[in-house]
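Below is one structure, written out as structure tokens; the observations come after it.
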Ligand SMILES: CSCC[C@H](NC=O)C(=O)N[C@@H](CO)C(=O)O
């Protein structure tokens with residue numbers, strides 16, 4: 001049936017009265033052989049949208065079903081009854097009250113106006129999680145013991161239910177704002193990603209909100225549309241056109257790419273870009289090379305693709321040499337069949353040499369911009385003013401490529417290519433690594449981020465700016481490196497990304513994302529005064545990320561450890577940020593009620609104070625199951641340090657710790673010294689001290705939580721991936737009696753063997769306090785430093801049972817790191833289990849792999865916590 005969707009019934013154990021109301025209202029027989037009563041309702045019970053007034057499902061006004069076949073008169077009567085009831089009871093779920101601002105904390109905060117569609121989604125959310133909620137309500141958290149029950153081992157079915165519950169919470173991946181001809185009518189197109197364990201993939205879907213900015217209300221919101229095959233979807237500057245890059249499997253099952261141009265009503269054309277054979281695959285929004293942008297005049301689309309490789313043939317191909325010498329290219333490809341092409345490392349293996357391409361929208365022809373230097377891979381390209389050229393980042397190939405993922409410090413330049421004059425120039429300084437060039441709306445200013453082109457893999461960035469017409473007169477840092485900052489002071493710019501549109505309409509202010517302590521913050525930077533002001537759109541969420549800017553409108557993704565992501569739309573007043581206006585776009589994400597969380601501040605004890613950088617405080621985020629201290633029982637604790645080490649737990653909604661906590665564990669995410677968001681000194685303080693300073697920071701954070709009585713010190717386990725796995729394996733070696741179990745995912749275990757095998761050799765040198773240069777060789781002294789820093793150093797002390805999870809295609813921390821460790825544990829008689837995932841690389845994030853790893857880790861913890 002066209003336009004009909006099916007909606008879950010409220011579950012009786014979650015909302016009995018609502019369930020009963022729906023059962024009665026839907027008009028199915030309640031007596032006889034096919035009686036439909038509350039006790040028949042389970043999580044597979046649906047009702048179709050035709051059962052609701054309007055035929056499109058529940059609305060705020062009509063949240064409950066009606067019998068499907070009703071006359072118009074009946075419908076009108078129903079509406080009248082409903083109107084009378086809601087006006088007298090005042091129970092509208094809409095709250096369009098004017099947002100209020102709050103300046104108490106010296107930064108700008110505002111309560112968002114709430115756009116509520118109905119509590120339908122709340123019900124769906126509850127229904128999906130009902131089995132677990134029920135288990136929690138009836139028997140406590142799966143793991144928790146009560147005074148009468150000894151340790152109860154959690155069944156995998158319960159964990160599977162918990163996993164399924166959390167897969168219902170989509171995460172926002174991007175959003176874009178477009179103003180209609182009537183500037184007050186704004187549409188926000190949002191893209192979301194959701195785990196689908198049954199299809200074993202992440203589903204992408206889009207949702208569009210239409211807003212009246214003048215009235216600050218949401219006018220309509222589309223239902224979700226799956227968009228799994230869209231690689232790019234970008235509107236032209238006027239909004240008249242859209243360029244969509246789609247991937248589609250051909251008959252042989254190979255992925256093919258098609259570039260489509262759409263106007264407001266139809267597809268204008270499809271271009272088989274691969275068929276043109278100008279370049280390899282077009283690069284997606286990968287956070288490194290990918291960009292896809294309309295020219296200002298809307299005649300061209302600029303994108304980045306992998307360079308076309310010359311066809312290689314064997315020396316023994318039947319065609320004689322003479323036949324293949326018509327072009328030089330063909331001649332040189334003879335015998336190149338097995339030529340090694342270096343790639344850009346972990347998760348960027350499809351890119352070796354990239355090219356910039358321009359598609360003429362009218363003719364559908366593609367030109368590859370030839371003047372980019374041969375030794376450079378271009379990316380992050382934007383049109384220069386007047387569409388006369390392009391500005392891009394070029395990463396240098398020589399002497400060899402190092403992995404780019406999670407590494408901001410790779411040698412690179414901002415280049416300008418004047419297309420008309422066919423002239424290339426370097427804009428940025430020597431000795432730097434650069435990212436994200438962005439022109440101001442008036443095309444007068446160019447900004448970008450830069451760091452040193454060596455050292456730690458992530459660090460504090462500078463925000464650089466030049467006046468475009470006077471770019472040869474020099475660049476100035478708008479935001480400089482911040483070495484250290486007192487509480488509440490700006491700790492410097494730490495970010496993995498900058499929105500494509502980052503300027504406000506005045507061409508003075510920028511809106512950026514940054515880690516600020518254990519939090520993702522949106523900041524407004526005044527490029528004239530160099531001031532930085534935090535903008536907090538919603539007191540209800542801890543972390544926020546700006547996704548797009550249009551004029552002075554912004555769309556921000558918000559979430560907290562126990563609050564699934566949602567969107568807020570804002571209209572900023574740059575001169576008075578406190579009077580900015582906010583509008584929450586939906587109420588679909590609710591607070592997860594099974595746990596609470598808090599930030600804990602830590603000051604290292606006097607013996608741990610850094611000799612050069614002094615007192616550097618750090619933080620952790622503690623998740624606590626609700627009611628965990630009932631009956632005086634304390635929850636078991638999972639110590640969960642992040643990877644990197646130059647990364648951070650930013651207090652956004654995070655799937656893995658949420659599932660752990662939902663299952664009854666306290667979870668401690670430690671932002672040990674060296675994490676992002678605490679100033680540059682903190683980053684530098686860990687170099688030469690990994691395996692010591694970070695290990696002690698984590699152990700001491702766990703001690704503090706236990707001393708405060710928040711978790712059971714006799715039931716501590718540890719878990720982490722990559723550098724987090726390095727910390728997990730160090731912790732069980734250095735504190736053999738402290739941990740009852742460990743789970744290490746692609747852990748770094750032995751730097752001396754990893755130095756020759758990882759895609760980022762520079763990491764190994766830098767983190768042990770050595771200077772890296774491309775021609776540095778390890779010697780006995782350096783190797784001994786690497787050994788001293790490695791978890792394998794203390795393997796003989798390990799008693800804790802270890803679960804290893806290994807991606808066999810990991811280029812960052814090769815599987816041999818885990819397998820080497822596994823062999824040693826086996827030899828030492830320590831219980832160890834190893835899960836290998838044949839097609840996974842470093843993050844182990846494929847839906848099936850993530851689920852398997854997560855559930856296995858909980859079972860492993862429970863097994864070893866209960867087996868004493
Ligand atoms: C030579 S691998 C070092 C560990 C790795 N560092 C950078 O990539 C790591 O911990 N990665 C983190 C991300 O920063 C991870 O969680 O995978």
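The values are calculated or read from the model by the stated rules, or taken from the named source; none is laboratory data. Note that this is a predicted model, so its numbers are computed, not measured. Neighbour counts run over all protein chains shown; Cβ positions are idealised from the backbone, glycine included.
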*Restricting attention to segment 280-316, report how many residues are in contact with a helix residue (DSSP H, G or I) (Cβ under 8 Å, 6 or more places away or on another chain) and at pLDDT below 95.*
4
*For residue 195, work out the one condition from (1) assigned to a loop (DSSP other than H, G, I, E, B); (2) touching a helix residue (DSSP H, G or I) at 6+ places or on another chain (Cβ under 6 Å) it doesn't fulfil.*
(1)
_Can you tell me how many residues within segment 198-225 are on the phi < 0 side of the Ramachandran plot and more than 19 Å from the chain's Cα centre (by Cα)?_
19
*asked:* Please go through (1) farther than 23 Å from residue 574 by Cβ; (2) at pLDDT 95 or above; (3) in the same structural domain as residue 426 (by the TED database) for residue 463 and return the number of the only condition it doesn't satisfy.
replied: (1)
*asked:* Being within 16 Å of the ligand (Cβ to nearest atom), on the phi > 0 side of the Ramachandran plot and part of a loop (DSSP other than H, G, I, E, B) is the requirement here; does residue 627 meet it?
replied: no
*Can you give me the ranges of the strands (runs of 3 or more DSSP E) entirely in segment 240-316 with at least 3 residues that are touching a residue at least 12 places away in the same chain (Cβ under 8 Å), under 29 Å from residue 405 (Cα atoms) and in contact with a strand residue (DSSP E or B) (Cβ under 8 Å, 6 or more places away or on another chain)?*
242-249, 255-262, 292-294, 300-306
*Take segment 371-395 and flag every residue that is without any contact (Cβ under 8 Å) to a residue 40 or more places away in the chain and over 27 Å from the mean Cα position of the chain (by Cα).*
374, 375, 376, 388, 389
*asked:* Just to check your reading of the model, which residue among 545, 502, 527 is closer than 20 Å to residue 429 by Cβ and modelled with pLDDT of 95 or more?
replied: 527
*asked:* Condition (residue is without any contact (Cβ under 8 Å) to a residue 60 or more places away in the chain, outside any loop (DSSP other than H, G, I, E, B), over 25 Å from residue 292 (Cα atoms) and over 22 Å from the mean Cα position of the chain (by Cα)) applied to segment 483-498: is it met by at least one residue?
replied: no
*Does at least one position in segment 607-624 carry a residue that is in a strand (DSSP E or B) and within 21 Å of residue 851 (Cα to Cα)?*
yes
*Among the residues of segment 781-795, is any farther than 30 Å from residue 612 by Cβ, touching a residue at least 40 places away in the same chain (Cβ under 8 Å) and either more than 16 Å from the ligand (Cβ to nearest atom) or touching a strand residue (DSSP E or B) at 6+ places or on another chain (Cβ under 7 Å) (or both)?*
yes
_Residues (away from the ligand (no atom under 14 Å from the Cβ) and crowded, with 23+ Cβ neighbours inside 10 Å) located in segment 632-642_ = 635, 636, 637, 638, 639
*Taking segment 357-389 only, how many residues are surrounded by 15 or more Cβ atoms within 10 Å (Cβ to Cβ) and over 19 Å from residue 308 (Cβ atoms)?*
8
*Of all residues in segment 760-779, which are within 8 Å of the ligand (Cβ to nearest atom) and touching a residue at least 24 places away in the same chain (Cβ under 8 Å)?*
760, 763, 767
_Of everything in segment 265-284, what is closer than 13 Å to residue 351 by Cα and either under 24 Å from the mean Cα position of the chain (by Cα) or surrounded by fewer than 18 Cβ atoms within 10 Å (Cβ to Cβ) (or both)? Give them in sequence order._
281, 282, 283, 284
*Go through (1) over 28 Å from residue 192 (Cα atoms); (2) in contact (Cβ under 8 Å) with a residue 40 or more places away in the chain one by one and return the number of the condition residue 559 breaks.*
(1)
_Pairs please, first residue from segment 55-67 and over 17 Å from residue 223 (Cα atoms), second anywhere and outside any loop (DSSP other than H, G, I, E, B) and at pLDDT 75 or above, Cβ atoms under 7 Å, 6+ apart in sequence or on different chains._
64/21; 64/22; 64/25; 65/22; 65/25; 65/47; 66/25
*Could you please give the count of residues in segment 700-722 that are touching a helix residue (DSSP H, G or I) at 6+ places or on another chain (Cβ under 8 Å) and crowded, with 21+ Cβ neighbours inside 10 Å?*
7
*Which of the residues belonging to segment 190-214 are more than 24 Å from residue 286 (Cβ to Cβ) and touching a residue at least 24 places away in the same chain (Cβ under 8 Å)?*
197, 209, 210, 211, 212, 213, 214
*Residues satisfying the stated conditions in segment 799-818, i.e. within 16 Å of the ligand (Cβ to nearest atom) and more than 25 Å from the chain's Cα centre (by Cα)*: 816, 817, 818
*Residues satisfying the stated conditions in segment 720-747, i.e. within 25 Å of the chain's Cα centre (by Cα) and within 15 Å of residue 638 (Cα to Cα)*: 720, 721, 724, 725, 727, 728, 743, 744, 745
*Would you please list the contacts, defined by Cβ atoms under 7 Å and residues six or more apart or on different chains, that run from a residue in segment 643-666 that is closer than 16 Å to residue 495 by Cα and more than 16 Å from the ligand (Cβ to nearest atom) to a residue that is assigned to a loop (DSSP other than H, G, I, E, B) and at pLDDT 95 or above?*
651/518; 651/519; 651/542; 651/561
_Total residues in segment 841-862, condition in contact (Cβ under 8 Å) with a residue 60 or more places away in the chain, within 16 Å of the ligand (Cβ to nearest atom) and touching a strand residue (DSSP E or B) at 6+ places or on another chain (Cβ under 8 Å)_ = 8
*Restricting attention to segment 708-732, which residues are within 16 Å of the ligand (Cβ to nearest atom) and more than 25 Å from residue 750 (Cβ to Cβ)?*
none
*Take residue 749 and decide whether it is modelled with pLDDT of 95 or more, under 28 Å from residue 400 (Cβ atoms) and more than 9 Å from the ligand (Cβ to nearest atom).*
yes
*Would you please name the residue that is surrounded by the most Cβ atoms within 10 Å (Cβ to Cβ), looking only at residues in segment 723-741 that are under 19 Å from residue 816 (Cβ atoms) and touching a strand residue (DSSP E or B) at 6+ places or on another chain (Cβ under 6 Å)?*
729
*Which residues, taken from segment 733-746, are more than 12 Å from the ligand (Cβ to nearest atom) and either without any contact (Cβ under 8 Å) to a residue 24 or more places away in the chain or outside any helix (DSSP H, G or I) (or both)?*
735, 736, 737, 738, 739, 740, 741, 742, 743
